[in-house]
Number of protein chains: 2
Amino acid sequence: MSTMVAAPKSRVSRQTWQFTEDVRVQASATVVGPKEGKGPLASLFDKIYPDIYAGQKSWEKAERKLLEDAIQIALKKANLKEDQIDLLLAGDLLNQNITANFTAELLSIPTLGMYGACSTSMLTLANAAALVNSGFAERAIAACSSHNATAERQYRYPTEYGGQKPPSSQWTVTGAGAAVVGIGGNGPRLTYATIGKVVDMGMKDPLDMGSAMAPAAVSTMIAHFQDTGRQPQDYDLIVTGDLAGIGYPIAKEMLEKEGFNMDKVYNDCGLMVYSPEQEVFAGASGCASSAVVTYSYIMNQLQRGAMKRVLVCATGALLSPISYQQGEAIPCIAHAVAFEGGA
Amino acid sequence: MSTMVAAPKSRVSRQTWQFTEDVRVQASATVVGPKEGKGPLASLFDKIYPDIYAGQKSWEKAERKLLEDAIQIALKKANLKEDQIDLLLAGDLLNQNITANFTAELLSIPTLGMYGACSTSMLTLANAAALVNSGFAERAIAACSSHNATAERQYRYPTEYGGQKPPSSQWTVTGAGAAVVGIGGNGPRLTYATIGKVVDMGMKDPLDMGSAMAPAAVSTMIAHFQDTGRQPQDYDLIVTGDLAGIGYPIAKEMLEKEGFNMDKVYNDCGLMVYSPEQEVFAGASGCASSAVVTYSYIMNQLQRGAMKRVLVCATGALLSPISYQQGEAIPCIAHAVAFEGGA
């Protein structure tokens, strides 16, 4: 028998990356609006603004403020300054990623702009972890945001119009999340990422994105289980990003039909941000849905040992108002990142 | 004296990456519209569509066709199938990156969506090279597109309106470019990438993006020269992405004031796509400006030994119609990639 041990490989499969170094979330932060601040996770958020303007003159500027705050609070927790961060990987839901780009300018950190709709939380985190793992960056920040009012007027109608919505629609989370990623420390470890493919099942209703996104989430989760040899029960918690009340049971059923037992282990961030009494239709959505749950509650559970392994599969609907007006189906994607308890 | 040689480090500085493996563009392809097909580089493009609909029913679908074609032609040149590519890194100018996302769906390749406006060509290429260098992907495709008519109606006015433009405005290139990135082969090598910071100098005129982007290009080029210890004369050619007739002389003067001699070595892709007789105001712009020049002319020059080292600094104006209507300045970014002759 040889005592030679092959170096761990970073490419597990075509879709799954393994982080071979001690890559960790060294600090994370979440900032939200008033409605999220009345939800069940309120005590875990770092900052809650009492109104959706967050002291700014426009909703777009307010969203920027949330993202900037989340990054600054994460930096403060990590005891770092902007110039100690090599890379910012960020995105949001607004056209041309303006929240991320204007925030990047304030921070003066070299920036990779990313867009994965509501999957941007794990898209940026996976990529940050890969670049830190391979030494291209010593420390990186992954961050994203969404804002209910900016998303409403961009994707749907001016909010003043008061358009009615079906129960399948979702409530875009006003919030932002940021994570400082580096080697070492005692934060939660990043162990695997599974990169999604774009899929659609012919769904065309932009007011039912949960159903549209469920197959993308299932595709990425199955790839993750197959590539890593893990089963759902190897995790203490598996969450999708924002499938909410309609999409979540669809994804669960699809996974169970494929032989994966999701009992007790599976939840959806879109069902965790608000309490059932809050009027949010089918549940939460937006880049911030998975970001504010992951970077508050999940990091907290891992940090204090209440959970050992968590998989976050962030889901994104890649439609634009132009694409659905032109009769196209909604292409969706999901990216998953596996976390392990710190220390 | 020790004979120990330290392994080359992938992180040269906060902004500059060094590709320590033999990372190469194994194949590349460019597809353009009719106007670009009458320009000086026409003979080097892989496919020229005789009209801007490219056989499709909408301009958006046409742009998608250009991107799909570019990727398929690059794959064919590399003698590879879609399922031999681990990652697609792609972006475009349309809201929600719909060109890239719908194309990704057709190809069924795991996808990282990126957005850097017209800097997306080098943003995707730099990131692809980093992920291939570190073994997260065996082969990746970096690709981007723009289309004159889709950009006009999204960023400015419906083309039917016939709005007049000032001479400082630019002509968005209808085209797409794709590169297959892998280890080994005899294509041009990727040696360094310098990641940009978002900067603005207070420029607010969306019809003069060359002036707005020049400082971002200068910032990234200076970081590149300082980080690598190279001088402009160490390159046979340095190009910016789409500064065109107004931005190019501004960037050149700024660099020369900083002590960099740009004589003879510096050009701009925005001045290379069209001939002076073609009516394009100050010159070319769009993700495809740098992509179609880099992935045709520059790859060709490197491949046949006519040039040994080239630096492509792709420039992006990160504005949105909302941001400039709200009176914001135009944030800009530039990402640079250094190429070396193959074999």
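The values are calculated or read from the model by the stated rules, or taken from the named source; none is laboratory data. Bear in mind the structure is a predicted one, so any value in this text is a computation, not a measurement. Cβ atoms come from the backbone with ideal geometry, glycine included; neighbour counts cover every protein chain shown. Protein only, heavy atoms only, side chains kept; ligands, DNA and RNA dropped before computing areas. Shrake-Rupley method; radii C 1.70, N 1.55, O 1.52, S 1.80 Å.
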Practice task
May I ask which of B:LYS76/B:LYS165; A:LYS9/A:LYS76; A:LYS47/A:LYS81; A:LYS61/A:LYS197; B:LYS61/B:LYS197; A:LYS197/B:LYS61 have a Cα-Cα span longer than 29 Å here?
Solution key: B:LYS76/B:LYS165; A:LYS9/A:LYS76; A:LYS61/A:LYS197; B:LYS61/B:LYS197
Handout entry: Pairwise label distance in nanometres, A:ASP83 with B:GLN226, each label 7 Å out on the Cα-Cβ vector
Key = 1.0 nm
Exercise for the section: Would you tell me which residue of chain B has the beta carbon closest to the rotation axis bringing chain B onto chain A, and how many whole Å away it is? Expected result: B:SER134, 2
Completion exercise
Order by accessible surface, 1.4 Å probe, largest leading, for residues A:LYS47, A:LYS9 comes to A:LYS9, A:LYS47
Handout entry: Inter-label distance, nm, simple model (7 Å from Cα along the C-beta direction), B:GLU340/A:LYS204
Key = 5.4 nm
Exercise for the section: Write out the trypsin sites (Lys or Arg not before Pro) in the stretch B:271-343 meeting two conditions: DSSP loop, and at most 13 other Cβ atoms within 10 Å of their Cβ. Expected result: B:ARG304
Exercise for the section: Using every pair of alpha-carbon atoms in the stretch B:189-340, split the distances into 5 Å bins beginning at 0 and state the percent of pairs per bin, rounded to integers. Expected result: 2, 10, 19, 23, 21, 14, 7, 3, 1, 0
Fill in the blank from the handout: Rounded to the nearest Å, the spacing of the alpha-carbon centers of the stretch B:144-199 and the stretch A:146-190 is 28 Å
Exercise for the section: Take each complete run of DSSP H in chain B, measure how far its Cα atoms stretch along the helix's own axis, and keep only those covering 24 Å or more with mean Kyte-Doolittle hydropathy at least -0.5; list them. Expected result: B:209-228
Fill in the blank from the handout: the protein assembly as shown: spread of alpha-carbon positions along the three principal axes, whole Å, largest first, is 72, 65, 44
Exercise for the section: Give me the distance in nm between label points sitting 7 Å out from Cα along the Cα-to-Cβ direction at B:ILE183 and B:LYS76, one decimal. Expected result: 3.0 nm
Exercise for the section: Send over the per residue convex hull volume for the stretch B:16-183, Cα only, as a whole number of Å³. Expected result: 126 Å³
Completion exercise
Compactness summary of chain B: radius of gyration and Dmax from Cα atoms, Å, are 18.7, 73
Exercise for the section: At 0.36 nm per residue, minus the direct Cα-Cα distance, what do A:TYR161 and A:SER58 gain on full extension? Give it in nm, one decimal, please. Expected result: 35.3 nm
Handout entry: Exposure of A:PHE225 as accessible area (Å², to 10), given a probe of 1.4 Å and all protein chains
Key = 10 Å²
Exercise for the section: May I ask for the distance between the Cα centers of the stretch A:224-243 and the stretch B:271-343, given as a whole number of Å? Expected result: 41 Å
Fill in the blank from the handout: Measure of exposure for B:GLU138: accessible area at 1.4 Å probe, Å² rounded to 10, is 100 Å²
Handout entry: Spatial separation of Cα centroids for the stretch B:61-102 and the stretch A:60-130, in angstrom
Key = 26 Å
Problem - Beta bridges per DSSP with both ends in the stretch A:189-340, % antiparallel, nearest 5 - result: 70 percent
Practice task
Rank these residues by their accessible area, most exposed first, probe 1.4 Å: A:GLU340, A:GLU63, B:GLU160.
Solution key: B:GLU160, A:GLU340, A:GLU63
Exercise for the section: Using the 7 Å Cα-to-Cβ label point, sort the distances from A:LYS257 to its equivalents in the other copies shortest first and give them in nm to one decimal. Expected result: 6.5
Problem - Area accessible to solvent at B:ILE73, 1.4 Å probe radius, in Å² - result: 40 Å²
